Amino acid sequence: MGYFDNPWYEEAAFADGGVIRNGREILFQGFNWESHKSDWWVNLEKKVSDLAESGFTSVWLPPATHSVSPEGYLPQNLYSLDSSYGSELQLKVLLQKLSQHKIRAMADIVINHRVGTTQGHGGAYNRFDGIPMSWDEHAITSCSGGLGNQSTGCNFPGVPNIDHTQPFVRKDIINWLIWLRESLKFQDFRFDFAKGYEENFVKEYVKQSKPIFSVGEYWDSCSYSSASQLDYNQDSHRQRIINWIDKTGGLCAAFDFTTKGILQEAMKGELWRLRDPQGKPPGVVGWWPSRAVTFIENHDSGSTQTVSDELDPKFINVISLDMDLLTSPAKFGMGYAYILTHPGIPTVFYDHFYDWGKSIHDQIVKLVLPIASLS
């Protein structure tokens with residue numbers, strides 16, 4: 001799809017599966033792992049004007065629906081909008097203000113797993129009685145305690161994993177995604193734990209619900225020659241991400257975890273890593289820049305979760321984190337200089353933009369605005 005002169009017009013986006021595929025987005029992750037501990041929707045609403053002036057096209061919000069965990073990543077009632085981040089009314093005020101400032105709201109779509117309301121087969125909480133999308137055990141994969149089919153992806157341990165091969169499950173998920181789009185006016189989607197189910201389901205969900213932009217979290221381990229030595233050649237790692245994007249029909253972008261892993265080492269001084277043997281960027285951005293969403297850190301890898309005992313099991317041993325690096329604005333400034341001056345779809349993390357002082361905030365804005373002027 002070609003470049004849209006005004007990406008705000010949804011009609012143009014719908015012309016090719018309902019998605020933007022030109023790589024001209026500038027994303028902002030609007031939360032960290034502990035954002036639920038404050039009135040987060042109210043906090044973000046106060047920052048919308050600044051985000052608009054800074055040039056961001058889309059703000060990724062934390063999961064907005066009811067969850068048994070305060071962070072939102074153990075969903076239960078997907079139609080309840082009262083969460084630990086704030087009330088339904090506060091969320092709608094935030095969404096309205098984002099719309100007024102022509103910033104798209106990105107919903108965090110957590111549909112790999114779901115925690116039931118009552119015990120079913122095997123004593124697991126794999127029934128969803130008394131709430132919308134009131135599934136029974138057949139909606140849950142057999143490998144996670146349900147009566148459905150085997151999982152089509154990686155199992156997320158400890159919770160019921162949704163069986164996307166079931167037609168009634170996909171119908172309900174599509175109707176929910178359409179509700180997010182049409183009733184709440186979320187315009188972009190971020191698919192959590194995208195390794196948990198086949199890419200063709202993501203393709204179906206995007207085609208049917210028509211987000212303007214979507215991105216998947218396909219995160220697996222980079223290649224290491226030892227426990228702490230990242231290999232120079234990460235072609236196999238980025239190829240797996242490329243394959244995932246391709247199997248969605250190119251309708252869904254993916255976070256460039258290859259570039260994230262390489263940048264982590266480069267910011268320690270190993271700048272030779274930033275060019276592959278062909279002289280191109282060594283991550284997904286070097287092969288498919290319009291579908292590569294670059295970032296430095298996020299709520300999982302570089303937030304307060306990193307130093308707690310609550311690190312999500314899907315991320316253990318994926319990327320070895322350097323605690324000095326995580327608290328170094330100067331080194332992260334180098335990282336942002338890279339992703340904001342190279343091809344790809346850059347993402348700025350809330351903590352870096354608002355918690356590390358005015359200097360790094362303003363430096364990032366100076367890098368973002370020239371990109372925004374092209375969009």
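The table that follows gives values for the structure above.
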item: Spin-label pair Gln278/Asn200, simplified geometry with 7 Å Cα→Cβ offset, distance in nm; result: 2.9 nm
item: Potential lengthening between Gln363 and Lys46 on full extension [0.36 nm per residue; Cα-Cα distance subtracted]; result: 112.0 nm
item: With every protein chain in place, region 203-296: carbon and sulfur % of accessible area (1.4 Å); result: 47 percent
item: Per residue, in Å², the accessible surface of the chain once ligands and nucleic acids are set aside, probe 1.4 Å; result: 39 Å²
item: Set of lysines near Lys358 by C-alpha distance (under 23 Å), chain-local residues within fewer than 8 positions excluded; result: Lys46, Lys47, Lys331, Lys366
item: Region 205-285, dipole about Cα centre (Lys/Arg Cβ +1, Asp/Glu Cβ -1), debye to the nearest 20; result: 280 debye
item: Fraction of beta bridges assigned by DSSP in the chain that are antiparallel (%, nearest 5); result: 20 percent
item: Charged-residue dipole, Cβ positions (Lys, Arg, Asp, Glu), the chain about Cα centre, Debye nearest 20; result: 780 debye
item: Percent accessible area from carbon and sulfur atoms, region 45-154, protein chains only, probe 1.4 Å; result: 49 percent
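The values are calculated or read from the model by the stated rules, or taken from the named source; none is laboratory data. The structure presented is a predicted model; accordingly, all values stated were derived computationally and were not measured. Ideal geometry is used to build each Cβ from the backbone, glycine not excepted, and the neighbour counts take in all protein chains shown. The protein model used for the area step is the full one, side chains on, heavy atoms only, and it has no ligands, DNA or RNA in it. Shrake-Rupley method; radii C 1.70, N 1.55, O 1.52, S 1.80 Å.
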